[in-house]
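The values are calculated or read from the model by the stated rules, or taken from the named source; none is laboratory data. Quick caveat, the model's predicted, so the values are computed rather than measured. So basically every Cβ, Gly included, is an ideal-geometry build from the backbone, and we count neighbours across all protein chains shown. Side chains are part of the model used for accessible areas, which takes the heavy atoms of the whole protein and leaves out ligands, DNA and RNA. Shrake-Rupley method; radii C 1.70, N 1.55, O 1.52, S 1.80 Å.
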Amino acid sequence: YGVRHRWVVSEADGVAGTASLVVYGATFAFVEVKVRPRSRRRGIGSALLAELVATARKDGVQSMFGHHATPAGAAFAAHAGARDDQRDIRSRLDLPGAELPPPRVPDGVELRSWIGLTPEGLLETHVAARQSMRDAPLPDGVEDPGYSVEQHEAIEAASIARGRPPRVTVALEKGEIVAFTDVRV
């Protein structure tokens, strides 16, 4: 879902950098620029960003957002004129060494798991559960275009076609999905 654009810069020894632009709407576009460390500080990221911005403007994009996780990424974003207005926190669990407490499922809640397409009868509630998560604050000027059954089915089909079917576990209460986790391997 969304219109996707991708760019690659190659050098004799391989890929030096990549960029992508996913346009969901005029005020909801996601950008990513990555340059391998040994190819940085040579204008590759700036050239990729220039192509990305030109395409975004051609597509009618008014604002776009991306993420950075390092001081170098923050410096590049600031140099490009981007401003920080959200923070992502990523947590990592070392599974081989993790000592997890035993799970406790609340009374009246049933766990159900599947790999692949959402089972019949759960599609609408699965989409509603995903849509309910989309109430997080967005950067100024960004509007969430929403999430639909058609988009959900397209994302599942694309994941399956790539050989990476979604692995999903949901918590059901009175037939409605009240929580879920979705893992892509």
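Miscellaneous remarks
- Check: the chain dipole with +1 on Lys, Arg Cβ and -1 on Asp, Glu Cβ, in debye: 1020
- Loop-located trypsin sites (Lys or Arg not before Pro) across the stretch 80-156 with a Cβ neighbour count of 12 or fewer within 10 Å are Arg83, Arg87, Arg90, Arg92, Arg104, Arg134, with loop assigned by DSSP.
- For the chain, the solvent-accessible area of protein heavy atoms averages 68 Å² per residue (probe radius 1.4 Å; ligands and nucleic acids excluded).
- The stretch 95-168 - Rg over Rh from alpha carbon coordinates, Kirkwood radius: 1.05
- Electrostatic bookkeeping for Gly17 treats Lys and Arg as +1 and Asp and Glu as -1; over the other residues with beta carbon under 15 Å from its beta carbon, the sum is +3.
- Sequence of Ile115, Ile155, Ile44, Ile160 from largest to smallest accessible area, 1.4 Å probe: Ile115, Ile160, Ile155, Ile44
- For the pair the stretch 21-59 and the stretch 143-185, the centres of their Cα atoms are 27 angstrom apart.
- In this calculation the C-beta distance from Arg38 to Ala80 is compared with R0 = 30 Å, giving a FRET efficiency of 0.90.
- Computed [θ] at 222 nm, deg cm²/dmol, the chain (DSSP H ≥ 4; -39,500 (n - 2.57); rounded to nearest 500): -8000 deg cm²/dmol
- Accessible surface of the stretch 1-62 [probe 1.4 Å, protein heavy atoms]: carbon and sulfur percent: 51
- Pair Arg4, Ser132: separation of 7 Å Cα→Cβ label points (nm): 2.9
- Dipole of the stretch 52-97, positive direction: furthest Cα of Ala54, Thr70, Pro96, with charges on the beta-carbon: Ala54
- Length added when fully stretched, Glu176-Ala154, from 0.36 nm per residue minus Cα-Cα: 5.7 nm
- Matching the structure-derived semi-axes √(5λ) of the Cα gyration tensor in Å against the labelled list (1) 35, 21, 17; (2) 27, 21, 16; (3) 54, 20, 13 gives the label (1).
- Neighbour cut-off at most 10 other Cβ (10 Å), DSSP loop, GluC sites (Glu not before Pro), the stretch 74-134: Glu99, Glu120
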